[in-house]
Structures are given as structure tokens and as C-alpha cells.
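This report refers to the structure that appears directly beneath it.
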Amino acid sequence: MPDPRFFEALGPVPLLRLAEIAGASPAAGASDIPITHAAPLNRAGPDGVAFATDRKRLDELSATAAGACFVPAELADQVPAGCLALVTRHPQAAWSLAAGALHRPILLQPGETLIDPTAVLEEGVEIGARVTIGAGARVGAGTRLAAGAVIGPGVAIGRDCRVGPNAVVGFALVGDRVSLYAGAVIGEAGFGAAAGPAGVVDVPQLGRVILQDNVTIGVNSCVDRGAYEDTVVGENTKIDNLVHIAHNTRVGRNCVMAAYVGISGSVTIGDGCAFGGRAGVADHINIGAGATIGAAAGVMRDVPGGEFWSGYPAKPVREWLKESVWLAKAARRKG
């Protein structure tokens, strides 16, 4: 289930009603069971609904405990016993519509007092002008919230943190001694979209952000909350200004990222990695511990631990340098 500190449960919703909302066809004889949550195949329970898009997910589909699953027609006979097939040409878009009927983000309400009376502030919290703190939020001792900072409902911020002017924190659990510089945005919805019968559908982002102790996030940098799993930044990692970390990414401990780095969704980064300015990483990439990614590199495949990669597409730096020298010599010969 999505964290109830950040998401309101709207269910249960009868299965056949969800199918109607999503434009899916239930399997023959489907019972109208109550559905309480939307989740991935590996996280859904008997009262949950999941989705599978193609045969790459057959192992997860066969092992799912979900009560129902949106699938294309060619996978309907692969849905395990105890799970009801909801047939659609657009399983992810259908699941997204169902998730919107089951879960709703808890947001700051218009007219809410600047500091909600249910928020908990420990001793020594310093609050600047026009700071907003939402319902159920918790702020640890010695933390400073600069002017215009916004702390969303349910957020937990540890002790001795620094939240800069106009920084926004939502759907997040923040450790001790974390620094968020001016304009940083933590926990907004990540970029998720799926093709549906009437066009592109936003995929609900039902996860959280976890910033561990001693993390620094620079000016105007963004860390998106997970689509369902958490986005995590490990202890003592230091992130420069204007960096974007997308949903479901897991960054290890003691990493550094220079300005303009862009990390796509569902990337896994080991401990002690370094990224030069304007480096970019494609989605679902694994970067091993101790790897270095050069400035302006474009990482399109997994990087082994301890290696230095650069160029576009990125490759081991010696290989990239050799190719660059060869191309330069070839260009001179042609000239």
C-alpha cells in the first residue's frame, strides 16, 4: 500500500467498477471483489490490482498475489489462479486510471494555516517568514527552515537540517543533517506516462523520496518521488545545483554529482560514484560502486564498478580517447 502519510485511500472499489473506469473487459464470470490498492505485480495483495504489458513479465505474473491484473488479450491465459484477468490493449494506462480511483495524494489545502496544528516541531526549530508546514509533518530539533520553504503533509525531517529559501519537500522522509539549498524540490511526481485509447495518460506516482543522513541537494535541483518504489539518496551524497534525479532511482552513499547531471528513472548507482557536469544516464541502468562518469557523458549501458567512462555513448575512457584521437587524425588526413 502507498504510505498513508502521503496518500489517501479511496477504496475499496468493486472490481467491475474499476474495469469500467479503466475501459477493460473482465474475464468471463469475474466476481465483483472489493479492490483496495493498485501496486506492481510483486507488491499487490489479494485485494490489489496490478498490470502486465508483455511476455517479459511472465515470471512476475505467474508469481503475483494480486486479486486482479490488467493484461493484453495474449496474456489472459497466463494469469494465475486466484487472479482475475482484466483484458485491455493498454494495461499500464488502465492500471493508471484504476490507481487514480484508489489513491489520492494528500496535498496542502487552500486556506490552510501556515503551520498546521497537527505538525510536530521539536525544540529549537527555526522558522523563517512565510514557511508552510502541512498536516502531520514532523521537523527535528535544531532544523532551520528558511523563508518561503514548504513542508508538505506527512513529511518527516530529521535534526539539524537546513532547508533553504523556497525549497519544497513533499512525500519524503529526510534524515539528520541534510541540507536542501534554495529552490530545491523534493518529492514531486516523476515523469510517468502511458499510451491509452484516448491519448497519453499520466501514471500516478505512489512512492516516496528517502534522503539519508548528511545528504546535500543543491540550488534548484529536483529529486522525484517513486512511481511505486522509493527514490533513495544514500548517506553523505553531495548533489550540485540544477541536477535531476528521476523516480525509483537509488543513489548510493558518498556519491558526488556536478551541475546539470540528469539521472533517468529506475537507475541504480553504487557507493562512491562521481559524475561530471552535464552527464546523463538512461533509464534502468546499473552503475557499479566507485565508478566515475565524465562530464557530458551519455551512459546508455551498465557501467562496471571502479571504471571511468566518458563520451557519447559513454565507454571506458581509454577506449573513448583512442577513438577521439583516431577521428582527429582521420579528419586531418581528409583535410
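Summary table
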{"item": "Cβ crowding within 10 Å averaged over residues, with 259-271, 280-292 ranked highest first", "result": "259-271, 280-292"}
{"item": "Residue order, fewest to most beta carbons within 10 Å, for Arg144, Arg55", "result": "Arg55, Arg144"}
{"item": "Residues of type lysines that Lys329 reaches as a straight line, Cα spacing below 23 Å, ignoring anything fewer than 8 places off in the same chain", "result": "Lys315"}
{"item": "Computed over segment 177-335: relative contact order in percent, which uses C-alpha pairs under 8 Å that are six or more apart", "result": "13"}
{"item": "Note, ³J(HN,Hα) from phi for segment 106-111, Karplus 6.51, -1.76, 1.60, rounded to Hz, x at Gly and Pro", "result": "8, 10, 4, 9, x, x"}
{"item": "Radius ratio Rg over Rh of segment 1-149, counting only Cα atoms, Kirkwood formula for Rh", "result": "1.18"}
{"item": "Segment Ala9-Ala193, extension gain: residue separation times 0.36 nm, minus the distance between their alpha carbons", "result": "64.0 nm"}
{"item": "Other-chain or far-sequence residues with amide H under 5 Å of Gly158's (modelled H)", "result": "Gly140, Val174, Gly175"}
{"item": "Amide H contacts under 5 Å for Phe70, placed H, 5+ residues apart", "result": "Ala50, Phe51, Ala52, Leu86"}
{"item": "Net charge of neighbours whose Cβ lies under 13 Å from the Cβ of Ala328, counting Lys and Arg as +1 and Asp and Glu as -1", "result": "+4"}
{"item": "Length-normalised contact order for segment 7-105 - Cα pairs under 8 Å, 6+ apart - percent", "result": "33"}
{"item": "Separation of alpha-carbon centers, segment 47-106 and segment 156-219, rounded to whole Å", "result": "28"}
{"item": "Residue-by-residue Karplus 3J(HN,Hα) for segment 240-254, coefficients 6.51, -1.76, 1.60, Hz, glycine and proline x", "result": "6, 6, 6, 9, 10, 10, 8, 4, 6, 6, 10, 9, x, 7, 6"}
{"item": "Computed magnitude of the charge dipole of segment 171-319 (debye, nearest 20; Cβ of K, R +1, Cβ of D, E -1)", "result": "260"}
{"item": "Listed residues Ser264, Gly294, Phe191: farthest to the positive end of the dipole of segment 171-319 (Cβ charges)", "result": "Gly294"}
{"item": "Phi-based couplings in Hz for segment 149-165 (Karplus 6.51, -1.76, 1.60; Gly and Pro marked x)", "result": "5, 10, 10, x, x, x, 5, 10, 10, x, 8, 6, 8, 10, 10, x, x"}
{"item": "Label-point separation, Gln78 to Arg43 (7 Å along Cα→Cβ), nm", "result": "2.2"}
{"item": "Calculated FRET efficiency for the pair Arg278/Lys56, C-beta based, R₀ 35 Å, to 0.05", "result": "0.60"}
{"item": "The chain, relative contact order [Cα under 8 Å, separation at least 6], %", "result": "8"}
{"item": "FRET efficiency for Glu122 and Leu327, using Cβ-Cβ distance with R0 set to 51 Å, rounded to 0.05", "result": "0.30"}
{"item": "Size of electric dipole in segment 78-143: Cβ of Lys, Arg +1 and of Asp, Glu -1, about Cα centre, debye, nearest 20", "result": "480"}
{"item": "Cβ-placed point charges (K, R +1; D, E -1), dipole of the chain about Cα centre in debye, nearest 20", "result": "1420"}
{"item": "Long-range amide H partners of Asp271 with built H, under 5 Å", "result": "Arg253, Ala289, Gly290"}
{"item": "Residues Met300, Met257, Met1, sorted so that the one with the fewest Cβ neighbours within 10 Å comes first", "result": "Met300, Met1, Met257"}
{"item": "Segment 280-335: trypsin sites (Lys or Arg not before Pro) in DSSP coil with no more than 12 other Cβ atoms inside 10 Å", "result": "Arg301"}
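FYI, it's all coordinate maths here, none of it is from the lab. Because the structure is a prediction, the values reported are computed rather than measured. So basically every Cβ, Gly included, is an ideal-geometry build from the backbone, and we count neighbours across all protein chains shown.
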